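Visitor: The structure is given below, and queries will be raised subsequently.
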Amino acid sequence: MYQPNAGLSRMSGADRRLVRISNLEKKYQTRDGKAIHALADVNLDIEEGEFVSIVGPSGCGKTTLLKILTGVLSRSSGDILIAGSRLSGPSREIGVVFQAPVLLPWRTVIENVMVPIQVQKRDRAEFESRARRLLAMVGLAGFEDKYPSELSGGMQQRVGICRALVHDPSFLLMDEPFGALDAMTRETMNEELQRIWQESKKTVLLVTHSIPEAVYLADRVIVMTPRPGRIVEVIKVDLPRPRVLAMHNTAEFGKYVSAIRRHFNSAGKLDA
Amino acid sequence: MSAETRKYFNTAAGGFVLALTTFVAFIGLWEGAVRLFDVPKIILPPPTSIAVAFWSMLQGGELPWHTAVTLYEILLGFLLGALGGLLLGFGIALSPLSERIFYPYVVAFQTVPKVAIAPIIVIWFGYGVTSKVIITATIAFFPLLANAIMGLRAAPQDQVEMMETYTASRWQVFQLVRLPQALPYIFVGLDVAIVLSVIGAIVGEFVGSKAGLGYLILQKNFNFDMAGTFAVLIVLSLIGVGVHALISFVQRRIVFWIDVSGERVTGA
Ligand SMILES: Nc1ncnc2c1ncn2[C@@H]1O[C@H](COP(=O)(O)OP(=O)(O)O)[C@@H](O)[C@H]1O
Ligand SMILES: [Mg+2]
């Protein structure tokens, strides 16, 4: 279903809330008739330009929440307002990085990045140079005309990140985007993501299974419980910006990490 | 065999030399055995008499003419059947209504061995090429129907959702994901259909015809001309190999992202 939302940036003056989720419930119906309660009474507001991380154990509904926000998955009940209007379908203002790269194997790297441009019938020439810049930024200059099968898993994931950014969306949703990357590339990508976010003033919702990553990038970290997923705590991260890698070793940083980790010692383990 | 020789036989040139040597040895063995044990020509003709028969049928224009008739039946029947199968397959895969209308008949008809209806088709459409084209088309129809339906449903859910996330319409999802994902299946269907088309045309000619390679086989057999029959069989297998190679060639170019390992054989 294609129902473009009104431009997300058209906000009423005082209200800075881009996303308002209230009493969100999601139940999946399995084939053998059983209901799986994935999300229970999720309430969350996200401000325009805010960086929010979500951590929670595997299967607690993080991907479900993201899919609902992208408009491809229906909710069982509850209200979602985006830029003041009721969410009713996918929007051109959203960019998504999926848990798996989800590239089309018959398209070259550059053609994969250009998928949103083609689908949304935007100006090809204008955005192709942007696509090339993004690829260079994630270290894939020279790979534009390769096919996904010629790339490693981590490289494919970075192509997926470029695809999410190519149309310059104002709201970026990322589902464990760096899980497949090695530690070095992951740190570089974290820094790049912070830079992109600061320069372009996007709103970012990042699902991650790395607590340090969540703290490092976010203004707020949302902690979720095992199924049915609820929000147990919202932790405001008051570290100065821009964050630098050296902060990982500070006592301040460590306090945030252990505050979050506490939840998983009682409620089960965090994934990976 | 030394490692070096084995490596050579794995190259293209080496493979060709290996195949040629095996072929020549086989022909030589055949010729030698037939002569040595004095096998009557009417049971198993030696390769040399087959070659002679082949050459005289070629010279007399008999072989080219009947080959042309059969090729025409195969190709036209294949094209019509494949096109029909594709169209109905797309319809069924894309419209729940047409699925409900047509699918029960499709399933019912699929279980009928198509060669069994060849005599009926010949009665209805006569001894000319029309009946052969129709028989061939009926046989080529189902592999494409089945594979088009399967292929259009094969698109992974995450690819479809990715497209929808970027606000793709139903048509864009079809055009940019479902169709490319269906192509490997469609080519499997084409490959099976073209091989079956050869069988379809020959069976049609066996049932009743005035021309074509099937007709020629019956005629040669009737006259106990075994060398002639074998000569026709050679042409038939060349046609079979040729059409299969043609489909594979196009497939490798269009569905280049799929690694086609292992050729398929359908002993239908
Ligand atoms: N399409 C579906 N049908 C049925 N159950 C599902 C479906 N998708 C996810 N689930 C279930 O919902 C729960 C939450 O899944 P998910 O959102 O993927 O969790 P997470 O991303 O936090 O690991 C899991 O228990 C999962 O098995
Ligand atoms: Mg997930």
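Visitor: Could you run through the stretch A:83-98 and say how many residues are within 14 Å of chain B (Cβ to nearest Cβ) and assigned to a strand (DSSP E or B)?
Guide: 4
Visitor: Hey, can you tell me all the residues within the stretch B:146-161 that are aliphatic (A, V, I, L, M) and within 20 Å of residue B:191 (Cβ to Cβ)?
Guide: If the condition is that a residue be aliphatic (A, V, I, L, M) and within 20 Å of residue B:191 (Cβ to Cβ), then B:146, B:148, B:149, B:150, B:152, B:154 are the ones that fit.
Visitor: Scan A:247, A:184, A:174, A:189 and give me the residue that is under 16 Å from the mean Cα position of the chain (by Cα) and assigned to a helix (DSSP H, G or I).
Guide: A:189
Visitor: I'm checking my understanding of the structure. Among residues of the stretch A:74-131 that are acidic (Asp, Glu) and under 20 Å from residue A:200 (Cβ atoms), which one is most open to solvent (accessible area, probe 1.4 Å)?
Guide: Only one residue tops the list, namely A:126.
Visitor: Quick one: residue B:192 ticks every box in (1) under 29 Å from residue A:98 (Cβ atoms); (2) touching a residue at least 40 places away in the same chain (Cβ under 8 Å) except a single one, so which number is it?
Guide: For residue B:192, the exception is condition (1).
Visitor: Restricting to the stretch A:45-56, name every residue that is in contact (Cβ under 8 Å) with a residue 40 or more places away in the chain and open to solvent by 10 Å² or more (accessible area, probe 1.4 Å).
Guide: Answer for the stretch A:45-56, where residues must be in contact (Cβ under 8 Å) with a residue 40 or more places away in the chain and open to solvent by 10 Å² or more (accessible area, probe 1.4 Å): A:47, A:48, A:49, A:50.
Visitor: All but one of (1) open to solvent by 60 Å² or more (accessible area, probe 1.4 Å); (2) not assigned by TED's automatic domain parsing to the domain that holds residue A:39 hold for residue A:255, so report the exception by its number.
Guide: (2)
Visitor: Still on this structure, I have one more. Could you grab the pairs with beta carbons closer than 7 Å, sequence gap of 6+ or different chains, first residue in the stretch B:12-40 and not assigned by TED's automatic domain parsing to the domain that holds residue B:227, second one open to solvent by 50 Å² or more (accessible area, probe 1.4 Å)?
Guide: B:14/B:8; B:15/B:9; B:18/B:9; B:31/B:48; B:34/B:44
Visitor: Next question. Check whether at least one residue in the stretch A:53-68 is within 22 Å of residue A:264 (Cα to Cα) and away from ligand 1 (no atom under 16 Å from the Cβ), and report yes or no.
Guide: Looking through the stretch A:53-68, none of the residues is within 22 Å of residue A:264 (Cα to Cα) and away from ligand 1 (no atom under 16 Å from the Cβ).
Visitor: Name the single residue, out of those in the stretch B:18-41 being under 27 Å from the mean Cα position of the chain (by Cα) and not hydroxyl-bearing (Ser, Thr, Tyr), that is nearest to residue B:226 (Cα to Cα).
Guide: Only one residue tops the list, namely B:27.
Visitor: Continuing with the same structure: Across the stretch A:193-211, what is the number of residues that are away from ligand 2 (no atom under 16 Å from the Cβ) and open to solvent by 40 Å² or more (accessible area, probe 1.4 Å)?
Guide: Adding up the residues that qualify gives 5.
Visitor: Can you name the residue in the stretch A:18-44 that is surrounded by 15 or more Cβ atoms within 10 Å (Cβ to Cβ) and within 30 Å of residue A:243 (Cα to Cα) and, of all such residues, is nearest to ligand 1 (Cβ to nearest atom)?
Guide: Restricting to residues being surrounded by 15 or more Cβ atoms within 10 Å (Cβ to Cβ) and within 30 Å of residue A:243 (Cα to Cα), the top hit is A:42.
The values are calculated or read from the model by the stated rules, or taken from the named source; none is laboratory data. Everything quoted here is computed from the prediction, not taken from an experiment. For neighbour counting, all protein chains shown are included, and Cβ atoms are generated from backbone atoms with ideal geometry for every residue, glycine included. With ligands, DNA and RNA removed, areas are computed over all heavy atoms of the protein, side chains included. Shrake-Rupley method; radii C 1.70, N 1.55, O 1.52, S 1.80 Å.
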